[in-house]
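Each remark here refers to the structure printed beneath this line.
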Amino acid sequence: MDYTLYIHITSPHPGRPLACGIQIIDDDAARPIHESGSPLTDTEDRHAAAFDALNHALDLIVPLPAQRVALCCDNELLTQQVTGATPITIPALAERFNQTMNRLLRLHAWQINTVDSPPIARATELADAAARQGHTIEPITFDQADHRREPHTGVPQWTVTCLEDPGARCPAPPTPHTRYPFGPDTPAGLCVHAARAALDDGPLHWPDPNQQRMTTVCPHCHAPIRIERVGAADSNTPLPPCNDL
């Protein structure tokens, strides 16, 4: 199934909180399945609020059986930061960026674009209403249980180990020589770049079903990464369940 997500973040206004408006369209059915407006009370910085709003919207999308997700916002800076066109140097934004990437890694395919009205007009209307009223409004909501992916057991499918300390080269360095249980969810604590390498080079793409392990490199810091099927792990220590983000 394909979905389009429209998101708008209000501009600062005296006496009003920042707010976001979200509209999710089921492209196959050609109808909205979620509409909401929510105040953003955790920060007064619009750039940080933009990531908070995007992460909230992705939390709605991630459980859905989505094949492709089109993310549409009218914040050009947010689009450039998510795509990597504009580097992030502020620590508070870097943390939020990593949270966004961890969510995006769990989608089958996605793209983000900057759009203007009229497509985003409904999200703008919802954000403005939430800012004026000071509370969340949800004209259209959906039961995620009706759209959720098939449940899983939480049993790890393979492990990822960073074989050296990347130090300052990594924005969120994982603990070296620690086996992170991977699949069906991305493990908490693993750098998003290493996670992307594990998805791109992991067992799902191995032509030989008997292959047990391989070594690749992180595309960001070039630290060596070992990927192993769970049954091939050198250690006999039981692995914990995968952590949902």
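Points worth noting:
- Footprinting exposure proxy for M214, M101 (fewest neighbouring C-beta atoms within 10 Å first): M214, M101
- Potential lengthening of the chain between D2 and T141 amounts to 48.3 nm, from the contour at 0.36 nm per residue minus the alpha-carbon distance.
- For the pair D116 and H220, a Förster radius of 35 Å applied to the C-beta separation gives a FRET efficiency near 0.60, rounded to the nearest 0.05.
- Put simply, when 83-91, 19-27 are sorted by average Cβ atoms within 10 angstrom per residue, most first, you get 19-27, 83-91.
- Note on T43 and T89: the model spin-label points, each 7 Å out from Cα along the C-beta direction, lie 1.7 nm apart.
- A simple rule links phi to the HN-Hα coupling: the Karplus curve 6.51 cos²θ - 1.76 cosθ + 1.60 with θ = phi - 60°, which for region 12-25 gives x, 9, x, x, 10, x, 5, 8, 10, x, 10, 10, 10, 10 Hz, with x for Gly and Pro.
- Rounded if a/c under 1.5, otherwise prolate or oblate - the chain, Cα gyration tensor axes: prolate
- H108/Q211 FRET efficiency (R0 25 Å; Cβ-Cβ; nearest 0.05): 0.60
- Close amide-amide hydrogen proximity is noted between A19 and T10, L40, each under 5 Å apart and 5 or more residues distant or on a separate chain (H modeled in the peptide plane; Pro and chain starts excluded).
- Proximity of backbone amide H atoms, modeled 1.01 Å from N, is registered between I112 and L71 at under 5 Å, excluding neighbours fewer than 5 places apart on the same chain.
- Backbone geometry of region 58-64 corresponds, through the Karplus equation with coefficients 6.51, -1.76 and 1.60 at θ = phi - 60°, to 3J(HN,Hα) couplings of 5, 4, 6, 7, 3, x, 7 Hz, x marking Gly and Pro.
- A simple rule links phi to the HN-Hα coupling: the Karplus curve 6.51 cos²θ - 1.76 cosθ + 1.60 with θ = phi - 60°, which for region 121-132 gives 4, 5, 5, 5, 4, 5, 5, 4, 5, 5, 5, 5 Hz, with x for Gly and Pro.
- Distances between placed amide hydrogens fall under 5 Å for V217 paired with I225, all partners being 5 or more residues away or on another chain.
FYI, it's all coordinate maths here, none of it is from the lab. Just so you know, these numbers come straight off a predicted model, no measurement behind them. Positions of Cβ are backbone-derived with ideal geometry, glycine not excepted, and every protein chain shown enters the neighbour counts.
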